[in-house]
Amino acid sequence: MKIAILPGDGIGTEIMAEAVKVLNALDLKFETETALVGGAAYDAHGHPLPEATLNLAKAADAVLFGAVGDWKYDKLERQYRPEQAILGLRKHLGLFANFRPAICYEQLTHASSLKPELVAGLDILIIRELTGDIYFGQPRGRRMAVDGHFPGAEEAFDTMRYSKPEIERIAHVAFQAARKRNKKVTSVDKANVLETFQFWKDVVTEVHAQYPDVTLEHMYVDNAAMQLVKAPKAFDVVVTGNMFGDILSDEAAMLTGSIGMLPSASLDKANKGLYEPSHGSAPDIAGKGVANPLATILSAAMMLRFSLNQPQAADRIESAVKAVLSAGLRTGDIWSEGTTKVGTREMGDAVVAAIVGKPAGKTITTKT
Ligand code: IPM
Ligand code: MG
């Protein structure tokens, strides 16, 4: 097994160091190779996704990705911005199926901004289509308007589009995932306004005929945004397009208390995948050793389960994370009165200690 390690920018390098430490504690046989990506790659090689990094990602059995981006690159031409690295990896590796679970850990019920009873036991899965929609649709660009409200004025445009096979394959992924869960899929669209999403709704409905054991409901995206904070536990699997999925997955992440807890997987048709925390590079706290490494550590667990066929190793990581939370250890983003604040490295050490069977918590020094 070969794992490509792409730490990226900001807190990416700090959280990745902890995830690698945890992987190494498992006594599995694998090879890792690290490469630059994002702003770090731009600084060193003039491109956020250098050829060598892309080739490494293609050759590996799985990719573990940290985070990319920093405000200092905001003025660069779009193709050189750090975000292009993740978009390029998704496109070139064909990672069309993005799994973003939103799980509220029992120990963190009080870290959510919602009332505890609304989120206690929350376990929903957002499945976001990741290589189509307005993110990748052509044409796009700037031009002088020839029609519209202001003919002759400068304008910008993007193209929202989905082909039938693109919708079919993500719908299959969602129905199959639902079969392993509570057998309910909510397809989120904007069919009342957009042609693309009326088509989406029609195609998802068609695919549903092959999954009579799964319940399908359709919901407009604005209502879905509202229901997510009103009654999040009513959802099981949510399937939606790239743009709506981007927004709703951040919203869902917040239900759980912290985006710092949430892993994600982006899979191709053969279940080869890229695994990354749902959060970004957080340049404001980068280098301070305070970032929460658990989302990346849990992403490594997802990687073991989905791409490397090591479900037991994945279980060990997930149990270790629960154990350190039960022991009261918290990074700043999930800290609350009565718990022990720890830094990035201490959190990683505690997970490793729990994996190798040492009691977590007791021996950890605390810093605030
Ligand atoms: C995400 C991020 C990315 C996206 C950005 C960094 C390009 O927000 O993974 O959700 O919009 O997909
Ligand atoms: Mg996003």
- Query: When you go through Ser264, Ser299, Ser278 one by one, which is the residue that is of a type outside the set (A, V, I, L, M), within 16 Å of ligand 2 (Cβ to nearest atom) and within 22 Å of Asp27 (Cα to Cα)?
  - Reply: Ser299
- Which members of segment 12-36 meet the condition of being assigned to a loop (DSSP other than H, G, I, E, B) and touching a helix residue (DSSP H, G or I) at 6+ places or on another chain (Cβ under 8 Å)? Ala25, Leu26, Leu28, Phe30, Ala35, Leu36
- Message: Filter segment 62-111 down to the residues that are assigned to a strand (DSSP E or B), surrounded by fewer than 21 Cβ atoms within 10 Å (Cβ to Cβ) and of a type in the set (Phe, Trp, Tyr) and list them by number.
- Response: none
- Item | Residue ID - farthest from the chain's Cα centre (by Cα), chosen from residues in segment 248-270 that are charged (D, E, K, R) and more than 16 Å from ligand 1 (Cβ to nearest atom) | Lys269
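Among what's in segment 290-303 and is of a type outside the set (Gly, Ala, Ser) and free of Cβ contacts under 8 Å to residues at least 60 places away in the same chain, pick the residue that is farthest from ligand 1 (Cβ to nearest atom). Quick ask: steps written out before the conclusion?
Taking segment 290-303 first, the residues of a type outside the set (Gly, Ala, Ser) are 290, 292-294, 296-298, 302-303.
From what is left, the residues that are free of Cβ contacts under 8 Å to residues at least 60 places away in the same chain are 290, 294, 298.
Details: Val290: 22, Leu294: 18, Leu298: 16 Å.
Looking at the filtered set, the residue picked out is Val290.
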- Query: What are the residue pairs meeting all of these: first residue in segment 51-75, first residue within 16 Å of ligand 2 (Cβ to nearest atom), second residue open to solvent by 50 Å² or more (accessible area, probe 1.4 Å) and of a type in the set (S, T, N, Q), Cβ atoms under 8 Å, and 6 or more apart or on different chains?
  - Reply: Gly66/Thr13
- Task: Kindly indicate the residue of segment 248-258 that is open to solvent by 40 Å² or more (accessible area, probe 1.4 Å) and out of contact with any Leu (no Cβ under 6 Å at 6 or more places or on another chain) and also farthest from Val63 (Cα to Cα) among those meeting that condition.
- Result: Met254
- Which members of segment 145-166 meet the condition of being small (Gly, Ala, Ser) and either open to solvent by 80 Å² or more (accessible area, probe 1.4 Å) or part of a loop (DSSP other than H, G, I, E, B) (or both)? Ala145, Gly148, Gly152, Ala153, Ser163
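Could you say which residue among Gly245, Gly287, Gly273, Gly280 is within 16 Å of ligand 1 (Cβ to nearest atom) and surrounded by fewer than 23 Cβ atoms within 10 Å (Cβ to Cβ)?
Working: Gly245 fails: surrounded by fewer than 23 Cβ atoms within 10 Å (Cβ to Cβ); Gly287 fails: within 16 Å of ligand 1 (Cβ to nearest atom); Gly273 fails: surrounded by fewer than 23 Cβ atoms within 10 Å (Cβ to Cβ).
Answer to the check: Gly280.
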- Query: Looking at this structure, is Leu36 open to solvent by 60 Å² or more (accessible area, probe 1.4 Å) and under 21 Å from Ser264 (Cα atoms)?
  - Reply: yes
- Find the residue count for segment 220-242, including only residues that are open to solvent by 10 Å² or more (accessible area, probe 1.4 Å), closer than 21 Å to Pro116 by Cα and either within 15 Å of ligand 2 (Cβ to nearest atom) or in contact with a Lys or Arg (Cβ under 6 Å, 6 or more places away or on another chain) (or both). 1
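Within segment 174-181, is there a residue that is within 16 Å of ligand 1 (Cβ to nearest atom), modelled with pLDDT of 95 or more and either surrounded by 20 or more Cβ atoms within 10 Å (Cβ to Cβ) or of a type in the set (Lys, Arg) (or both)?
Just the residues of segment 174-181 that are within 16 Å of ligand 1 (Cβ to nearest atom), to begin with: none.
No: zero hits.
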- Message: List the residue pairs whose Cβ atoms are under 8 Å apart, where the first residue sits in segment 210-237 and is in a helix (DSSP H, G or I), the second is of a type in the set (Phe, Trp, Tyr), and the two are 6 or more positions apart or on different chains.
- Response: Val221/Phe244; Ala224/Phe244; Gln227/Phe235; Leu228/Phe235
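So is Val207 open to solvent by less than 30 Å² (accessible area, probe 1.4 Å), out of contact with any strand residue (DSSP E or B) (no Cβ under 7 Å at 6 or more places or on another chain) and without any contact (Cβ under 8 Å) to a residue 60 or more places away in the chain or not?
Numbers: open to solvent by less than 30 Å² (accessible area, probe 1.4 Å): yes; out of contact with any strand residue (DSSP E or B) (no Cβ under 7 Å at 6 or more places or on another chain): yes; without any contact (Cβ under 8 Å) to a residue 60 or more places away in the chain: yes.
In short, yes.
In the set Thr296, Thr205, which member is β-branched (Val, Ile, Thr) and within 23 Å of Ala111 (Cα to Cα)? Outline the logic, then answer.
Details: Thr205 fails: within 23 Å of Ala111 (Cα to Cα).
Answer to the selection: Thr296.
The values are calculated or read from the model by the stated rules, or taken from the named source; none is laboratory data. The model shown is predicted, which means the values in this text are computed figures rather than measured ones. Counting neighbours? That spans all protein chains shown, and the Cβs are built from the backbone with ideal geometry, glycine included. For the accessible areas, the whole protein counts, side chains as well, though only heavy atoms, and no ligand, DNA or RNA atoms are used. Shrake-Rupley method; radii C 1.70, N 1.55, O 1.52, S 1.80 Å.
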